[in-house]
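Below: the structure, in structure tokens.
The values are calculated or read from the model by the stated rules, or taken from the named source; none is laboratory data. Please read all numbers here as calculations on a predicted model, not as lab measurements. Using ideal geometry, Cβ is built from the backbone for each residue, glycine included, and neighbour counts are taken over all protein chains shown.
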Amino acid sequence: MKGPREDRWYLKLMSPNTKGEKFAWLDPTSIYINAAAFTDLLDDITAELNPDDIDVVAGLDAMGFVLAAGIAARIERGFLPIRKAGKLCVKTDSVAFSNYSGRTQDMEMRLPAFAPGTRVLLVDQWIETGGTMDGAIRLVEQQQGTVAGMVAIAIETNDRTAQYRVAYPCVSAVLPGTRWQEQCDRQTLDSFATYRHEATFPDAGRS
């Protein structure tokens, strides 16, 4: 049985971008490599989900696959990958979308992926501008599925994500109205100032 823990402690493991503007402003993957962090992340997210409202969990290419697959296994639902164009070897649906960097890309989903009326939970690592998520919504709806909700480590605050919160159940590890949300919205975490790679290593503990 787990003892008490600092709420959302694992968010401090996320590392800053060190490669320049064409990359996302931070890297959450260090949460995934630390077993305690990944376990607690999944605990917090799945506690807010009702599996009875979800038929399948869809992960957005590419890092959304990690979080979505973990959630799907936890709530005992299937996993559906939504991929960048040209990656699937079967017949696909395709839509164009604008990603966080402003570039236009295509994403695809197998055709057919599910029966009409299927309730699909959409999962991505991070929702910044909402453009990638918009493409996923359109793919699900093209196959007459229903978006059951959205999940991410963080959902930044802007007009599009505000619309998502009104239209769909949205779950994020970064809770709205917290210091973590404020830091995500300004795209720099206070923890960057003391970030250490060693703290993220497997079995490194939480110190």
Q) Just checking, which of Asp190, Asp159, Asp203 is of a type in the set (D, E, K, R) and touching a residue at least 40 places away in the same chain (Cβ under 8 Å)? A) Asp203
Q.
Given the options Gly145, Gly117, Gly59, Gly102, name the one that is modelled with pLDDT of 95 or more and under 27 Å from Trp25 (Cβ atoms).
A. Gly59
Q.
Tell me which helices (runs of 4 or more DSSP H) are completely within region 1-89 and hold 1 or more residues being among the polar types (S, T, N, Q), in contact with a Leu (Cβ under 8 Å, 6 or more places away or on another chain) and over 15 Å from Val120 (Cα atoms), or say none if there are none.
A. 29-33
Q.
Suppose we keep only residues that are out of contact with any helix residue (DSSP H, G or I) (no Cβ under 6 Å at 6 or more places or on another chain) and of a type in the set (Ser, Thr, Tyr) within region 1-48. Which one would you say is surrounded by the fewest Cβ atoms within 10 Å (Cβ to Cβ)?
A. Thr18
Q) Somewhere in region 49-57, is a residue more than 27 Å from Ala115 (Cα to Cα) and crowded, with 21+ Cβ neighbours inside 10 Å? A) no
Q: Exactly one condition in (1) on the phi > 0 side of the Ramachandran plot; (2) at pLDDT 95 or above; (3) small (Gly, Ala, Ser) is not met by Gly130; state its number.
A: (2)
**Q.** Any chance Thr161 is modelled with pLDDT of 95 or more and more than 17 Å from the chain's Cα centre (by Cα)
**A.** no
Q. Taking region 94-109, which residues are part of a strand (DSSP E or B), of a type outside the set (A, V, I, L, M) and surrounded by fewer than 18 Cβ atoms within 10 Å (Cβ to Cβ)?
A. Ser94, Ser98, Thr104, Gln105, Asp106
Q) Counting only residues that are touching a Phe, Trp or Tyr at 6+ places or on another chain (Cβ under 7 Å) and among the hydroxyl-bearing types (Ser, Thr, Tyr), which one in region 111-136 is farthest from Cys184 (Cα to Cα)? A) Thr132
